[in-house]
Amino acid sequence: MLTSETNPNQAGATDAETPPVRRWGAARLVAAALTVLSAAGYSAVSLYRHDHFASNAFDLAVQDQTVWGYSRFEFIYNTVLGIPNLLGDHFHPILMVLGPFMWI
């Protein structure tokens, strides 16, 4: 057990008086740097593809057409996928909630 006699750094101090010190290890700093670097890299690639008309908006078109139909209280024919409605492909209840936002 360390006491004030055996540990000169804690001479006269108790645990209640010393605030806890938060230190980041080298592994955490490397992980944080790699996370930021990969997010910046993926963002740059996505912006480049979108700027050069290669962002493949197929999925967005499918969802947008379905939400547009829900905003008119209809299950419209999806011309992008060629199915009677998106409920025949997948059930996405959040798309029904987004329908009123198309009115704006």
query = Among the residues of the range 52-67 satisfying the criterion of being under 27 Å from residue 42 (Cα atoms) and among the hydrophobic types (A, V, I, L, M, F, W, C), which is farthest from the chain's Cα centre (by Cα)?
reply = 53
All positions within the range 68-94 that are surrounded by 13 or more Cβ atoms within 10 Å (Cβ to Cβ), farther than 29 Å from residue 44 by Cα and of a type outside the set (Phe, Trp, Tyr) = 69, 71, 76, 78, 81, 83, 85, 86, 87, 89, 92
inquiry  = Can you say whether residue 76 is touching a Gly at 6+ places or on another chain (Cβ under 9 Å) and either acidic (Asp, Glu) or modelled with pLDDT under 85 (or both), as far as the supplied structure shows?
reply    = yes
key: Hey, residue 36 more than 16 Å from the chain's Cα centre (by Cα) and either outside any helix (DSSP H, G or I) or modelled with pLDDT of 95 or more (or both) or not   = no
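The values are calculated or read from the model by the stated rules, or taken from the named source; none is laboratory data. Computed from a prediction, not measured in an experiment: that's the story for all the values here. FYI the Cβ positions are ideal-geometry reconstructions off the backbone, even for glycines, and counts take in every protein chain you see.
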